[in-house]
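Notes follow the structure.
Computed from the coordinates by the stated procedures, all read-outs in this text should not be read as laboratory data. Keep in mind that this is a model prediction, so the values were computed, not measured. Positions of Cβ are generated from backbone atoms using ideal geometry, with glycine treated the same way; all protein chains shown enter the neighbour counts.
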Amino acid sequence: MPGRSGGISRLRWPLAVGLTGLAFVGLHAAGLLGTLPLPVLLGVLVGSGITSELAARRWYDKPGRFAIVVGVQMLAVTVVIYAIGWGPTLAIGYLFPLGEALRERGSPVWPVAYGASLAGLAGGETAIAFGLVHSYVPTPYVHGLAA
């Protein structure tokens, strides 16, 4: 989420993280999140949100640096989605930062978007393979979905 100045823009990321956190509490109560404890998942969410916002505030308006913001946001989305055990749904999560980036800057963000998505998928699938994160998709299928 862009870190542009202005009251509403500055409230967007805390509001999004807060609402997502509330959704995590409900999903956790329903048993639909990964095996990490809820406080750890909420910490991952907040940490990813802060990292994305800091990148946006630092590089959003800098010529040639906006792609870094997109990459950081996509990797932050990757960390959150794999932490909750929904790694194979990653393509849907990527639509949010990528859609915003394409709307604002167009095709120059594609190379970074591809790199960030490949790095995120490789890291997430490696984490599943080594049992570091849980996946709701059975092991024989999870890697094929990511590929």
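Extension gain, ASP61 to VAL46: 0.36 nm times the residue separation minus the Cα-Cα distance gives 3.1 nm. Here GLU100 and ALA122 are evaluated by their C-beta separation; at R0 = 25 Å the FRET efficiency comes out at 0.60. Once the C-beta distance of ALA23 and PHE130 is scaled by a Förster radius of 25 Å, the resulting FRET efficiency is 0.35 to the nearest 0.05. Taking the average, over residues, of other Cβ atoms within 10 Å as the packing measure, peptides 44-52, 27-35, 76-84 rank 76-84, 44-52, 27-35 from highest down.
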